[in-house]
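To start, the structure under review is shown below, and the notes come after it.
The values are calculated or read from the model by the stated rules, or taken from the named source; none is laboratory data. Predicted model only: the values in this text are computed from it and were never measured. Neighbour counts run over all protein chains shown; Cβ positions are idealised from the backbone, glycine included. Calculation scope for accessible area: heavy atoms of the full protein, side chains included, ligands and nucleic acids excluded. Shrake-Rupley method; radii C 1.70, N 1.55, O 1.52, S 1.80 Å.
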Amino acid sequence: MIAATIKKQQLECLKAGQKDKCTFLSTLYSEIVMIGKNGGNRETTDQEALAVIRKFKKNADEILRVGNPAQKDAAVQEIEWLNSYLPSQMTETELREAIIGIAKTLQNPNVGAVMKELKTKHEGQFDGKTASGLVKMLLEQKQA
């Protein structure tokens, strides 16, 4: 489980005296655990944990885009830490192959159906905007 991994790493950096990383991981862990507690006092799923990690990464990306220089160094470090928990991203070639494979299995492939299946099989491994553009392009080519 992702939450357990983060907690373990938080304790390791506490022992190693890495205050900044420890504080960041503690905040991240708390946010992740809170989802499960608010959802009926249960364990947070890995999918929910990944959603929190993506939210943190989006915030750090925004700081890089518009933040002041003092915040940017910390944001770069946070992004590096967050990326270690995210699944690896598919290359454009891998994404194209996955889309083609999914479209072949569907009786009536359309953008929505292909995207839904792509998300089911490869959640978190691709950029949605890029995937949507590829799906549209490939379906248009198939119809031509």
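Worth a mention:
- Treating each Cα of the range 50-116 as an identical point scatterer and summing with the Debye formula, the log10 of I(q)/I(0) at q = 0.13, 0.15, 0.17, 0.19 Å⁻¹ comes to -0.56, -0.66, -0.74, -0.79.
- Across the range 1-74, Cα pairs under 8 Å and at least six residues apart give a relative contact order of 26 percent.
- Over the range 1-71: Rg over Rh, Cα atoms, Kirkwood Rh: 1.03
- Rg/Rh for the range 101-140 stands at 0.92; both radii use Cα atoms, and Rh follows the Kirkwood definition.
- For the peptides 70-76, 9-15, residues were scored by their other Cβ atoms within 10 Å and the scores averaged per peptide; the highest-first order is 9-15, 70-76.
- By the Cα gyration tensor, the range 4-138 has an equivalent ellipsoid whose semi-axes, rounded to whole angstrom, run 34, 19, 12 from largest to smallest.
- Rounded accessible area per residue of the chain, 1.4 Å, Å²: 65
- Whole-number percent relative contact order across the chain, with pairs defined as alpha carbons under 8 Å at least 6 apart: 16
- Percent carbon-and-sulfur accessible area, the chain, ignoring ligands, DNA and RNA, probe 1.4 Å: 51
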